[in-house]
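Laboratory data are not the source of any read-out in this text; all were calculated from the coordinates shown. On a predicted model such as this, the values are computed, not experimentally measured, just so you know. Note: ideal-geometry Cβ built from the backbone for every residue, glycine included; neighbour counts use all protein chains shown.
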Amino acid sequence: MSGVKGLYKALFHEFMWLDSKYTHPPYHNRLMKEIFHPALDKKDRIIDIGCGAGGLSRKLAQIVTEGEVVGLDIAEGYIKTLNRSIERDKSGDYKNLVFVLASAEDIPYPNNYFDHVVVSESFGFWSEPKRGLAEINRILKTGGKLYVVNSHKEAQLWVRIPEKFFNLFSPYKENLYSSQEFREFFERAGFAVVDQKEVTGASLVTIGSNVVAPIKISSK
Ligand SMILES: C[S@@+](CC[C@H](N)C(=O)[O-])C[C@H]1O[C@@H](n2cnc3c(N)ncnc32)[C@H](O)[C@@H]1O
């Protein structure tokens, strides 16, 4: 891609992920306290898909001290910077954390590898959500947990209006789904929904367990 279109996309990319460049947004603390702290074991393997600036991945890595955390994202800039920051931390706390450049639809890990899959404010951007969920079902251990955190159609107006406005101009379109649509996505991909709740008035957390063997998805 080149010229004005390329520049527009590059500039929008910088602006688009402004919130996630702020590595520790307050909702991460709420998620850690209310959702992840009670659910995790120090030996767990976790993948944080669409990890952005990696703040949540780091927080998760601080809990699973004898396990492993993978932060995965399609944005090369993030992954390069994050891996450099991890290099600097090598002597310290983050030996159990790696960042990987890949997409949710093609995850470079074996079947039944992870105990937990976290997707925070990323699912709405996926162009092939069903394919992503099939990949997640493949890499998640049977009985493992999937947590999708996303703003949603029933979110408060102060969340939905700026998102709608943003979508008008953005080359990265975010789909806003309803709580029912999240449930349907989960169930069709072989996940039983074990909980669903709002965390901040803006984000809905849908938690599923993969009770069914992976389903093959051939197209959108
Ligand atoms: C709004 S940021 C959220 C970052 C972080 N999870 C957080 O909670 O702050 C969305 C991220 O999803 C990533 N993303 C979008 N589509 C993706 C896909 N198909 N596979 C992997 N990552 C994706 C983007 O590159 C971006 O970093």
>> Assuming 0.36 nm per residue, please report the length gained on full extension of the stretch residue 101 to residue 175 beyond their Cα-Cα distance.
In response: 24.4 nm
> Quick one: if the Förster radius is 25 Å, what FRET efficiency do residue 87 and residue 65 give, using the C-beta to C-beta distance and rounding to 0.05?
Replying inline: 0.80
> Efficiency by 1/(1 + (r/R0)^6): what FRET value for residue 153 and residue 41, r their Cβ-Cβ distance, R0 = 25 Å, to the nearest 0.05?
Replying inline: 0.15
> Based on the Cβ-Cβ distance from residue 130 to residue 199, what FRET efficiency comes out when R0 is 25 Å, to the nearest 0.05?
Replying inline: 0.50
>> At 0.36 nm per residue, and after removing the present C-alpha to C-alpha distance, how many nm does the segment from residue 76 to residue 211 gain when stretched out fully?
In response: 45.3 nm
